[in-house]
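Here is the structure we will look at.
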Amino acid sequence: MPLRRTLAALGCLSCFAFAQDITGAGAVTGVVKAPGGAPAAGVRICAADTPRCATTSESGRYRLAELRSGSYQLEITMAAQPAFRSSAVDVRAGVETTVDIDLPALAPSQQTLTVAESVSVAPEEVKNSGYLIAGKEVWTMAGANQDVSRYVQTLPGVAIGSDDFRNDIIVRGGSPLENLFIIDNIEIPNINNFANFASAGGTNSILDAQLIQDVTFLSGGYPAPFVNRTSNILQIAQKEGNRQRFGGRLTLGSGGLGGILDGPINRGKGSWIASFRRSFLDAFTKDVGFGGVPVTYTFNGKILYDLTSRDRIWAANITGVDDIRLGLNDENRGKEEISTLDIRYRGWRSATGFNWQYLFGERAVGLLGVTTSVARVNQQVKDLVRITPPPPPGTSNDDLIAMAPVIFKDRSGENETTFKYDLTLFAGRAGKIQTGTNFKIFRPDYLVQSPLGSDVPFSPVPDVNPLDLQRKFRAYQNSAYFQSTKDVTKRLNLTLGGRFDNYQYLGATRFSPRAGLSYRLTPKLAWKMSYGQYFQQPFFLFVSAFPQNRSLIPWRAEHYVTGFHYTASPTLRITLEAYQKNYKDYPVALQFPSVSLANVGDTFAVNDLLFPLTSAGRGRVRGIELFLEKKFTNKWFGQANLAFSQARQAGLDGIRRPASFDYPIIANFTGGYRFNRKWEAGLRVSYLDGRPYTPFDEKTSLAQRRGVFDLTRIAALRASDYFRVDFRIDRTFTVRDKPLIVFAGVQNLTNRKNFSSYLWNRATNRPEVNEQMGLFPLIGLDWRF
């Protein structure tokens, strides 16, 4: 029989949830009420055609635990009455879907049930600082460029890096080095094009936004099951293919021209889906203004199959290949800093994972995962300023490049294999138990050479730290965690847990305690609090670069988060959170007392980050965030957030200065309006207070024809404020009975000249401000066939 839903929140673009997809399963919870409104005890609720059933308690509550992602009918059975089935209820991995049911006074002519509420809510173990995003939002949001990282940059406390051309995620003052990416239970070091081994960002994501089902973003205080990262977790579930028929779509956007194909396996027992994209700018030009044009290829694929009603397996692959040349050309010669260099970059990265999910009875689920990721970089940098003797006037560009010495070469690779197992058990009064283990094998293979040393701007002398790293080795990391979540009272829910991590290469073992509580003040208002210690190993490239770096140890971040969460309605919520992060043992430079790796990570210039290090850095970030979210209903949706924060980091000298990612004020607004079934528009507005920077010692810089910082004024100045408005409009057509969406938009609508960096232009031998992206038009399409 049909189940009538009075609330359409289940189908909203993204619901009020922040998820923790550990075992690839979700849950359905709720309250069943009798016709008079009293709790209905003893009602049996089942996910139809599965062994998952529950019986309502005296308070009318039920929980169908650990359901696979998919659509289910609820089968409701009351004493001495026939069973009724609902219409489909969607279950998503890592999300608890609340379905409250009002039972009718059944009569021979009335067999319709009413669901009073249907909305996704947070798993009970996640207390603070989490957000669930639907894949469609990533694809359609103005200014996101169909890039999940750029979408995340609009969430509370998240900032851009130093450049709009990069998609670094700066979370609550933390470096981009501190981010963890998980795709379909596959841990991936970097999900971006033009990545390197000293950063977690790039230019654009290698993930096709059209394949994204859900995005979970945790910005602090997250529970024990995740492998340690000290800033945030970005977790993505990709869509399944169509189990009924073969289909596909064509897409055109900032990620390039691409196609998606999907279809069933073995009469709907499984499915497959695959995406391939290629950039297209090189079809129109060989130079987009900086001496070359980026070329990228990406592939995303997923296969899923249900062996039995309890066994599900899936495999996924994410691959990106990229190539670019930057440097001297006829337009920039003698004018821009890029004209003094010749940069050739070619790289690729690929991650493949296999997962087996098994349902143990009605109260437990286990997930086995095996993942391997591979990344390769082939990069060479020549310096035209160092040509000796100086070339005669009129020398051609090609001859100048041929004469220039190589100052940096990187032909390296990193392989990582992970074996992991996670188990979730619902143990009655003991609550929800989560436990698991993880074993990693790393196989770095480095060939990094900087024969003339580096012109680090913190050094008053040039050409420091010549490097010839040729090393191939194997390292291991293993971990285990345990976590328990239970209702202590009707209002109070408590989570306690911890994890052990052993870092074999560093000879270090760490224990990380985690705790969280939620107290329901009213049916709509809750107070929540989280605490945790998080450890992270420095990237292997940093540890391997110099002999002194082998003494590095994992750095620590201690998170304190508390706040109020108010759900005004199923489509409107407000949160107010305060946090503090304390850093200890961060890698800092031995030669440059003010330099900490906590202030880097948003750059392509790897050679400027390789110097002797020691684990002596300390820091503190604290702030307060206000978040307002209105989900899509009928015509419009929107979200707004305002964050105030202070970030301080210290180098070897122990002086806490404003960090590179210290933005005292961050404000964002995103929203959209649907005029009718054919037209829809979106808007994004971002404001960031100016970030700190260090001025140059102009006398020394002029004499050495390179930028040398004034070491008496480290982080003493602030850039102008950042402000940007993005707009997008979509028009839906019908072609051969299939929807064709054509969109157009503008980034930085006001063409504001936002500050990117303060640099020394060696072509003109003077300082100048490097500006971020100006007004930039976009166009694209999506046709499903």
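Worth pointing out:
- Helical contribution to [θ] at 222 nm, DSSP H n ≥ 4, -39,500 (n - 2.57), averaged over the chain, rounded to 500: -1000 deg cm²/dmol
- The chain, relative contact order [Cα under 8 Å, separation at least 6], %: 10
- Reducing the range 595-637 and the range 339-408 to their Cα centroids gives an inter-centroid distance of 22 Å.
- Protein accessible area in the range 288-398, 1.4 Å probe - carbon and sulfur %: 62
- When the listed pairs LYS490/LYS631; LYS127/LYS524; LYS239/LYS302 are checked against a 18 Å cut-off, the alpha-carbon distance exceeds it for LYS490/LYS631.
- When the Cα positions of LEU683, SER484, SER219 are compared along the charge dipole of the chain, SER484 comes out farthest toward the positive end, with charges on each C-beta of Lys, Arg, Asp and Glu.
- Comparing PHE743, ALA404, ASN242 along the charge dipole axis of the chain, the residue lying farthest to the positive side is ASN242, per the Cβ-charge model.
- Cα gyration tensor shape of the range 160-238, rounded if a/c is under 1.5, else prolate or oblate by comparing a/b with b/c: oblate
- A full extension of the chain between ALA508 and LEU525 corresponds to an added length of 1.9 nm, given 0.36 nm per residue minus the alpha carbon distance.
- Dipole axis of the range 631-775 (+1 Lys, Arg; -1 Asp, Glu on Cβ), positive-most option in SER757, LEU711, GLY774: GLY774
- At a probe radius of 1.4 angstrom, the accessible area of the chain per residue rounds to 39 square angstrom.
- Annotation: for a label point projected 7 angstrom from Cα along Cα→Cβ of ASN415, residues of the range 297-335 with backbone N closer than 19 Å are 317-320.
- Three-way shape label, the range 372-478, alpha-carbon gyration tensor, a/c 1.5: prolate
- Label positions at ARG766 and GLU58, each projected 7 Å from the Cα along the C-beta direction, are separated by 8.3 nm.
- Take the Cβ atoms of ARG705 and TYR305, set R0 to 60 Å, and the FRET efficiency comes out at 0.45.
- Chain lengthening between ALA402 and TRP679 when straightened (0.36 nm per residue, less Cα-Cα): 94.3 nm
- Length gained on full extension, ALA667 to ALA744, computed as 0.36 nm times the residue gap minus the Cα-Cα distance: 25.2 nm.
The values are calculated or read from the model by the stated rules, or taken from the named source; none is laboratory data. Just so you know, these numbers come straight off a predicted model, no measurement behind them. Cβ atoms come from the backbone with ideal geometry, glycine included; neighbour counts cover every protein chain shown. When the accessible area is computed, the model is the full protein with side chains, heavy atoms only, and any ligands, DNA or RNA have been set aside. Shrake-Rupley method; radii C 1.70, N 1.55, O 1.52, S 1.80 Å.
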